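Down below is the structure, laid out as structure tokens.
Please treat every number below as a calculation from the coordinates, not as lab data. Note that this is a predicted model, so its numbers are computed, not measured. Please note: Cβ atoms are built from the backbone with ideal geometry, for glycine as well, and neighbour counts cover all protein chains shown.
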Amino acid sequence: MKEKDEKTYSISELAREFDITTRSIRFYEDQGLITPQRAGQTRIYSKRDRVRLKLILRGKRLGFSLAETGQLFELYDADKSSVKQLSTMLTLIEQKKVELHQQMDDIKVVLMELVTVEKRCRETLSEAKQPKSA
């Protein structure tokens, strides 16, 4: 049972706070990632929904899919102290870390290639600007 004093949020408050559209928030609700209460047609978001929304957005920035985020939420909700749940969560975290390290390595390679191409372009531009001697 929820406490009467618990802070709640409207969809527009959350959209403003996180600089996203209300449509995005409704999409996360449709995906089962957040579960606001209803008062008629009005959605009433709890502190839990706000935290989940923050985690969804952070997960997206870190490369987690919504399905992966949902799986983490399910594991957490099911049993916070279960050895199986925690082991599964650690496996998912390790997999994501491997993916992110690979992406980091790929980004470093692309950056080195860009630096090389940039250097060649600058050298060619500099040569092109040199007065031609007859």
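List the relative contact order of the chain as a percent without decimals, with contacts defined as Cα pairs under 8 Å and 6+ residues apart.
16 percent
In what order do Phe64, Phe18 fall by count of nearby beta-carbon atoms within 10 Å, going from fewest to most?
Phe18, Phe64
Can you figure out the FRET efficiency of Lys108 with Glu68, using R₀ = 25 Å and their beta-carbon distance, to the nearest 0.05?
0.55
Give the label of the value calculated from the structure for Cα extents along the principal axes in Å, choosing from (1) 49, 34, 29; (2) 89, 39, 23; (3) 34, 32, 30.
Correct label, based on the coordinates given: (2).
Given the -39500 (n - 2.57) contribution per DSSP H run of 4+ residues, what per-residue ellipticity at 222 nm results for the chain, rounded to the nearest 500 deg cm²/dmol?
-23500 deg cm²/dmol
Identify which of Glu118, Glu99, Glu29 has the largest mean-square fluctuation in a Gaussian network model of the chain, with springs joining Cα atoms closer than 10 Å.
The residue that fluctuates most here is Glu118.
Taking the beta-carbon count within 10 Å as an exposure proxy, list Asp106, Asp49, Asp19 from fewest neighbours to most.
So the residues, fewest neighbours to most, are Asp19, Asp106, Asp49.
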